[in-house]
1. Across the stretch 62-79, in residue order, what do the Karplus-derived ³J(HN,Hα) couplings come to in whole Hz, using 6.51 cos²θ - 1.76 cosθ + 1.60 with θ = phi - 60° and x for Gly and Pro?
2. Rounded to the nearest 20 Debye, what is the dipole magnitude of the chain about its Cα centre when Lys and Arg each give +1 and Asp and Glu each give -1 at the C-beta?
3. Expressed as a whole number of Å, what is the distance separating the alpha-carbon centroids of the stretch 50-81 and the stretch 1-25?
4. Apply the Karplus curve 6.51 cos²θ - 1.76 cosθ + 1.60, θ = phi - 60°, to the phi angles in the stretch 13-19 and return the couplings in whole Hz, x for Gly and Pro.
5. Give a residue-ordered list of calculated ³J(HN,Hα) values for the stretch 92-100 (Karplus: 6.51 cos²θ - 1.76 cosθ + 1.60, θ = phi - 60°; whole Hz; x for Gly, Pro).
6. Work out the charge dipole of the chain with +1 on the Cβ of Lys and Arg and -1 on the Cβ of Asp and Glu about the Cα centre, then indicate which of GLY27, ALA72, SER62 is farthest towards its positive end.
7. Hey, can you rank 13-19, 74-80, 88-94 by average C-beta count inside 10 Å, highest first?
8. When averaged across all projection directions, what area in nm² does the alpha-carbon convex hull of the chain cover?
Amino acid sequence: MIARLIPQPELRSDALLKIAETQARRGDAEGATASYRETANAVASIPLDDVRGVLAGVVIDSLIAVGRYEDARGSISLYPDEPRRLLALEAVAESQGRRGAGAIGP
């Protein structure tokens, strides 16, 4: 996949996220999982907290949009600070409740 070759993690994460969203919407759960994982790794490698925080929000919003709540909760650690992590957890729970998709797992 050509997106992996993009040297800047900000741009690489954007390209990988678009691929992951497309895979998720087309029902390719396995491919989407791999692409979302690569996206999260790219975001995690961003050295600037503010930029990493913004892109973490974009990734989590994308995961919520395609109904991948467990993955969204797992991506909370991409945020560089606790207040944003708590707000993101609230957003995941609210969206999941609104869609009637009860909690899965422990």
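1. 5, 4, 5, 4, 9, x, 9, 5, 4, 5, 4, 4, x, 8, 4, 5, 5, 5
2. Working: 13 positive and 15 negative charges, 59 e Å.
The dipole of the chain has a size of about 280 debye.
3. Measuring centre to centre over Cα atoms gives 15 Å.
4. 5, 5, 5, 5, 5, 4, 5
5. 5, 4, 5, 5, 5, x, 4, 8, x
6. Towards the positive end, the residue furthest out is GLY27.
7. Working: 13-19: 21.0, 74-80: 18.1, 88-94: 15.9.
For the peptides 13-19, 74-80, 88-94, the packing ranking is 13-19, 74-80, 88-94.
8. Working: hull surface 26.3 nm².
Dividing the Cα hull surface by four gives the mean projection, 6.6 nm².
Values quoted throughout were computed directly from the atomic coordinates according to the rules given, and no laboratory measurement underlies them. If you're wondering where the values come from, they're calculated on a predicted model, not measured in any experiment. For neighbour counting, all protein chains shown are included, and Cβ atoms are generated from backbone atoms with ideal geometry for every residue, glycine included.
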